[in-house]
Amino acid sequence: MLLEGVTGCTVSNNTISNQSLGIGLALSSNTNMNNTVSSNTITANFIGVYVDAAKSNVFSNNTISSNANRGLNLVNAATGNTFTADTISSNTNENIDISNAHNNQFTNTTVQSSALGINLTNANYNSFSGVNVASNTNGVVLTTSSNNTFKLVNNTNGIELYSASNNNTITNTQVVGQNNITLVNGANNTITG
């Protein structure tokens, strides 16, 4: 399903699977704004949801699972999108991959059972609150990503910050398992209990 250049559209209560283009749901254009995507099941695609430059869209109560590559991919200045109570799980590579996308908010979302739970690359000012990151091979990885905020619950596979990932805030986050928290070549990050 492709949404391109649309505003105020609602996509809800659908099952989206086995799409021929390999993407379950794509919002592809910086003119895609103020759309609502809720209560959908998006499964068995190459990428579940692909948000390319789209702004201020609202996602809630979606199940994004068992996609061959990524569950959710935000790229190319996708900005101001909100994700609430979504379940993103069992996607082969990353459950959530954010690259060059900023100011997106995730609340009460479950991210589990993938090679990598949340991956940020050149992604700034994103917020994760009440996000359950469990049973991934790696929990959260940031590369050259700054000013992000994390309040995670049940992170069983650690948080890793690399290559000038600066000014990130990690608070009230339970991190268990062997990886815990790794910081390499970063500055002014805040970690509090």
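Throughout, read-outs are computed from the coordinates displayed, never taken from laboratory work. Computed from a predicted model, the values in this text were never measured in an experiment. Neighbour counts are summed over all protein chains in view; Cβ atoms, including those assigned to glycine, are modelled from backbone coordinates with ideal geometry.
Output the strands (runs of 3 or more DSSP E) that fall wholly within region 39-99 and possess 2 or more residues being under 20 Å from Ala134 (Cβ atoms) and not aliphatic (A, V, I, L, M), or say none.
The strands (runs of 3 or more DSSP E) meeting that bar are 63-65, 70-75, 82-84, 87-89, 94-99.
Please find, within region 97-108, the residue that is surrounded by the most Cβ atoms within 10 Å (Cβ to Cβ) out of those that are closer than 16 Å to Ser165 by Cβ and within 9 Å of the chain's Cα centre (by Cα).
Ranking the candidates gives Ile98 first.
Does region 100-118 hold any residues that are hydroxyl-bearing (Ser, Thr, Tyr) and within 16 Å of Phe128 (Cβ to Cβ), and which are they?
Within region 100-118, Thr107, Thr109, Thr110, Ser114 qualify.
Would you be able to tell me the number of residues in region 1-38 that are part of a strand (DSSP E or B) and either among the hydroxyl-bearing types (Ser, Thr, Tyr) or surrounded by fewer than 13 Cβ atoms within 10 Å (Cβ to Cβ) (or both)?
Matching residues across region 1-38 total 8.
Only residues in region 74-87 that are within 14 Å of Ser145 (Cα to Cα) count as the first member; pair them with residues that are of a type in the set (Lys, Arg) and not in a loop (DSSP other than H, G, I, E, B), Cβ under 9 angstrom, at least 6 apart or cross-chain, and list the lot.
Listed by first residue and then by second, the contacts come to Ala77/Lys55.
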